1. Looking at Glu265, is it loosely packed, with under 14 Cβ neighbours inside 10 Å and under 16 Å from the mean Cα position of the chain (by Cα)?
2. For Gly115, all conditions in the list (1) over 18 Å from the mean Cα position of the chain (by Cα); (2) surrounded by 14 or more Cβ atoms within 10 Å (Cβ to Cβ) hold save one; what is the number of the exception?
3. Which residues, taken from the range 76-88, are farther than 16 Å from Leu270 by Cα and touching a Lys or Arg at 6+ places or on another chain (Cβ under 9 Å)?
4. Within the range 184-241, how many residues turn out to be without any contact (Cβ under 8 Å) to a residue 60 or more places away in the chain and not in a helix (DSSP H, G or I)?
5. Somewhere in the range 64-80, is a residue surrounded by fewer than 22 Cβ atoms within 10 Å (Cβ to Cβ) and more than 30 Å from Phe193 (Cα to Cα)?
6. Step by step: first the residues of the range 45-63, then only those that are touching a Lys or Arg at 6+ places or on another chain (Cβ under 8 Å) and without any contact (Cβ under 8 Å) to a residue 24 or more places away in the chain, then the one that is surrounded by the fewest Cβ atoms within 10 Å (Cβ to Cβ). Which residue is that?
7. Which members of the range 96-105 meet the condition of being within 15 Å of the chain's Cα centre (by Cα) and farther than 13 Å from Gly71 by Cβ?
8. Leu152 versus (1) aliphatic (A, V, I, L, M); (2) in a helix (DSSP H, G or I); (3) closer than 17 Å to Val90 by Cβ: which is the lone unmet condition?
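The values are calculated or read from the model by the stated rules, or taken from the named source; none is laboratory data. Quick caveat, the model's predicted, so the values are computed rather than measured. Cβ placement follows ideal geometry from the backbone for every residue including glycine, while neighbour counts extend to all protein chains displayed.
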Amino acid sequence: MLYLSHVPSPPLCEFVANLWLLSDAPPHQRERIVPSGTLELVINLQDDEIRIYDRVPGNPCARYSGMLVSGAYGRFFVIDTAEHALMMGVHFRPGGAFPFLGMPAKELADAHVEGGDLWGSWASELRERLCSATTHAQRFRLLEGALRARALDSRPRRPEVRFGVETFQRPRARVRDVAAHVGLSHRHFNELFANEVGTTPKLFYRIQRFQRTIEEARRNVAPDWARLARECGYFDQSHMIADFLAFSGLSPVDYVLRQTAQVKENHVALA
């Protein structure tokens, strides 16, 4: 499987962590995508379809057009890896998708929305141009240029939300402390945060704690899970396991075992 990543130049890099491209389907047929606290734009350049499967095996899949925006999810969902034949995407930073949406990010929470429903003909025209490009480098240039021209909301991002995003990526942050620090009521801070980021501050913090634990576990051949749980901000190991089951449907050990070179970040291979 070929995986390419491109970091856009300023100021777009303040909103977009990276543009990515996948080609060649891996040997496994399904992958779980676990929450990251961000939104994702996905474009299938091989077929004009993207299939999303339910958490419950055997349920019918949902079929979307070849350009899809995944909102900030609080649970995993399943994709069909046959679509990896040629696929591009945009991995937004937390809150970074907000200027491009034309609506509060919270309206896309736990949802998938077709690009045409958000952006009309611009979405289909962009996909056609990307499909027609002859090199991957050209595709990255086209997608980056399209995003630069697409920012719909010129309002500056709220500094209170940016402070919250940064703080919640550290262990043992508390929503009420952050709200008090930025001079907002708990309710007002929750509303502003959800509008830009797409999740409540509490859920975002839990997801970042889960992500931090995954990253630390990858650095160790035989992770000391009890120690990791304490260092990453969990009460104890059982608390950590509960979050892993909620966000990935897997225990911490099973999750790490399924992380292979043939899966993208935040993807878990299924048999």
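1. On the way: loosely packed, with under 14 Cβ neighbours inside 10 Å: no; under 16 Å from the mean Cα position of the chain (by Cα): yes.
Answer is no for this residue.
2. With respect to (1) over 18 Å from the mean Cα position of the chain (by Cα); (2) surrounded by 14 or more Cβ atoms within 10 Å (Cβ to Cβ), Gly115 is out only on (1).
3. So the first thing to find is which residues in the range 76-88 are farther than 16 Å from Leu270 by Cα, and the list is 85-88.
Within the range 76-88, just Met88 meets the criteria.
4. Kept after step one, since they are without any contact (Cβ under 8 Å) to a residue 60 or more places away in the chain, are these residues of the range 184-241: 184-193, 200-202, 205-206, 209, 212-230, 234-241.
Checking the rest, the ones that are also not in a helix (DSSP H, G or I) come to 184-185, 200, 219-224, 234-236.
The total comes to 12.
5. yes
6. Arg63
7. The answer is Gly96, and nothing else.
8. Leu152 satisfies all of (1) aliphatic (A, V, I, L, M); (2) in a helix (DSSP H, G or I); (3) closer than 17 Å to Val90 by Cβ except (2).
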